[in-house]
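Asks: Structure below; questions to follow.
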Amino acid sequence: MPNWKTAVRLFSLLLLLTAIAVAQTPSSSPAASPQASAQKGMMMLTIFFKHDQSKPLDKINAELKAQGYYESFPPAGVEVVSWYIMMGIGQVVTLRFPAERLREVNRAVERTAWGPYRTEFYPTYDYKPVWEKEQKERQQNK
């Protein structure tokens, strides 16, 4: 039987895949929303910063400071959409930035976060406006 961390990872992946599958339906195309056209060329990226649990928090923070993490991440001009702590796992950060800056964001993570954290990257998009529209349509059809 998988441990709870594996179960959380599998559940997170399932949620992500479900959101992607639902968003691919024609009625929920992100390109149909005014937000999507206003943000053409922008991308969102969710990064899991998984704590190295063999190290105490003070040591992790000291390594991040020594590697310049706090000065380099996120790069200037990159929008932080959300930043959550997932107890027992680490931090989950969602960023929005022009697609051509992807390498810069990746390099900031590689140079400053590797060691204290293990990282996972997930392309992300804002499904909430689509969901809200569909909810409104369902209410009107009742």
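Asks: Rounded to whole Hz and in sequence order, give me ³J(HN,Hα) for region 131-142 from the Karplus expression 6.51 cos²θ - 1.76 cosθ + 1.60, θ = phi - 60°, writing x for Gly and Pro.
Replies: Running phi through 6.51 cos²θ - 1.76 cosθ + 1.60 with θ = phi - 60° gives 4, 4, 4, 5, 4, 4, 5, 5, 5, 6, 7, 6 Hz.
Asks: Treat the count of other C-beta atoms within 10 Å as a stand-in for reagent exposure and order Ile60, Ile47, Ile85 from fewest to most. Show your work: numbers first, answer last.
Replies: Numbers: Ile60 19, Ile47 23, Ile85 11.
Taking fewest neighbouring Cβ atoms as first place, the list is Ile85, Ile60, Ile47.
Asks: Oh, and also: If amide H atoms are built 1.01 Å from N in the plane of the peptide, which residues on other chains or at least 5 residues away come under 5 Å of the amide H of Asp52?
Replies: Placed amide hydrogens put Arg118 under 5 Å from Asp52.
Asks: Between Glu137 and Met87, what length in nm is gained on full extension when 0.36 nm per residue of separation is reduced by their alpha carbon distance?
Replies: On the way: separation 50, 0.36 × 50 = 18.00 nm, distance 3.66 nm.
Residue separation times 0.36 nm, minus the Cα-Cα distance, leaves 14.3 nm.
Bear in mind these aren't lab numbers, they're just calculated from the coordinates by the rules spelled out. No experiment lies behind these values; they were computed from the predicted model shown. All Cβ positions, even for glycine, are placed from backbone atoms using ideal geometry, and neighbour counts span all protein chains on display.
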